[in-house]
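Since every read-out is calculated from the coordinates, none of them should be taken as a lab result. In this text the structure is predicted, and so the values were computed from the model without any measurement. Counting neighbours? That spans all protein chains shown, and the Cβs are built from the backbone with ideal geometry, glycine included.
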């Protein structure tokens, strides 16, 4: 699903923000890996659990992968210099966005993941005009893409 979402990204270089929500083990980092692979990242995709942020340059966009699980206060984001990266040409994948409340740009898409005994459930909601356009692109992809 991550790769499908990456392939459906609307044309242009508008800032895109995706919040990834769900319990521990729900598949947020796995989703991010699929998304980054779909953007053309071929090397290893590390979980930024301890570094908070990893950046990936792709031909189409610079992807910022944040994992805020270990943050105790949203103000911990300030020294990371993320405000300078909240501009066109960047796409953010944010795990545990509730830990950065008040310090993050609003989402375009909210991807909610949950794991169970028989697999994972993914629910994607468009939270902006860009997000709605993005979802429309996913729905219009041919099967198997």
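Please compute the contact order of the chain in relative form: average sequence separation of alpha-carbon pairs under 8 Å and at least six residues apart, divided by the residue count, as a percent. Value for the chain: 32 percent. Per-residue ellipticity at 222 nm from helix content only, as computed over the chain with -39500 (n - 2.57) for each DSSP H run of at least four residues, stands at -5500 deg cm²/dmol.
Go ahead and run the numbers for FRET between residue 13 and residue 123, Cβ-Cβ distance against an R0 of 35 Å, rounding to 0.05.
Values: r = 27 Å, r/R0 = 0.78.
With a Förster radius of 35 Å, E is 0.80.
By the gyration tensor of its Cα atoms, with a ≥ b ≥ c the square roots of the eigenvalues, what is the shape of the range 49-89: rounded for a/c under 1.5, prolate for a/b over b/c, or oblate? Cα axes put the range 49-89 in the oblate bin.
Arranged by the count of other C-beta atoms within 10 angstrom, fewest first, what order do 18, 64 take? Don't jump to the answer; show the numbers that get you there.
Numbers: 18 27, 64 20.
Lowest count first: 64, 18.
For the pair residue 101 and residue 76 in one chain, pulling the backbone fully straight at 0.36 nm per residue adds 7.9 nm over the alpha carbon distance.
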